Amino acid sequence: MSGIAIWITGLPGSGKSTVADALKRALSEFIILRMDELRKIVTPEPTYSDAEREIVYRTLVYVTKILTEHGHDVIIDATGNLRRWRDLARRLIPRYIETYLRCPIELCGEREKQRIETHGAPKDIYKKGAEGWPIPGMVVPYEEPLNPEIIIDTDKMLLKDTIEIIKRKIEASSL
């Protein structure tokens, strides 16, 4: 059976890495692919241009597709600000769960200021967004998912409850 891919999407600071790490602790067989880590390999000096984002996100989807075809279970920890990249993953990966972490941008900004571990993400992104950097939800669009399998309001739901919801969805998709 092919592996499953869970794309955890949401604004920067919405809790994607926190959820990915907690899910990995609960389901150790999963591999986490982090956009910020992949970007440093694919584009060692990132410009965050539209063309560069297109290449990096399509690469992320391709790597996920190959891993799942070989039976690996994958967590994608990536903003994926444009719907077309998440839709591409949905088309190419038979067992796919899109998990949208919805969170007010003000809270995302506060969380981002306080985080210690960034998993390769640039620091002070909302401050940089105020200066014109291409930050999703500020300077470049964040296209909310139209029909995600899971929506979590991370300003209202506990992490342990979030993980239980995702685990139940994974179990249901295996039937």
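Just so you know, all these numbers are worked out from the coordinates, no wet-lab data involved. No experiment lies behind these values; they were computed from the predicted model shown. Here the Cβ is made from the backbone with ideal geometry for all residues, glycine too, and neighbour counts use every protein chain on show.
Only one residue of Leu82, Ser2, Leu146 has its Cα farthest out toward the positive end of the dipole of the chain, where Lys and Arg carry +1 and Asp and Glu -1 on Cβ, and that residue is Ser2.
Residue exposure proxy: Leu107, Leu158, ordered by other Cβ atoms within 10 angstrom of their Cβ from fewest to most, comes out as Leu158, Leu107.
Taking the chain as the reference, fit the longest principal axis to its C-alpha atoms, fit the long axis of helix 16-26 to the helix C-alpha atoms, and give the angle between the two in degrees, 0 to 90, nearest 10. Its long axis makes an angle of about 30 degrees.
Extension gain for His70-Glu144 works out to 23.7 nm (0.36 nm per residue, less the C-alpha to C-alpha distance). Relative to the dominant Cα principal axis of the chain, helix 83-92 is inclined by about 20°.
Dimensions of the range 1-79 from C-alpha coordinates, computed as largest minus smallest value along each principal axis and given longest first, are 36, 27, 18 Å. Summarising the label geometry, the points placed 7 Å from Cα in the beta-carbon direction at Arg168 and Arg91 lie 3.3 nm from one another.
Between 0 and 90 degrees, the angle of helix 105-114 with respect to the longest Cα principal axis of the chain falls at about 80 degrees.
Beyond 18 Å in Cα-Cα separation lie the following of the pairs Lys24/Lys123; Lys16/Lys160; Lys65/Lys167; Lys113/Lys156: Lys24/Lys123; Lys65/Lys167; Lys113/Lys156. The stretch between Tyr62 and Arg115, if pulled fully straight at 0.36 nm per residue, gains 16.1 nm over its current Cα-Cα span. Mean residue ellipticity at 222 nm, helices only, the chain: -14000 deg cm²/dmol; runs of at least 4 DSSP H residues each add -39,500 (n - 2.57), and the sum is divided by the number of residues. For the range 5-170, a Kirkwood hydrodynamic radius built from all Cα pairs, placed in the Stokes-Einstein relation at 37 °C and 0.692 mPa s, yields a translational diffusion coefficient of 206 µm²/s.
Model label points for Leu27 and Lys123, set 7 angstrom from Cα along the Cα-to-Cβ axis, are 3.3 nm apart.
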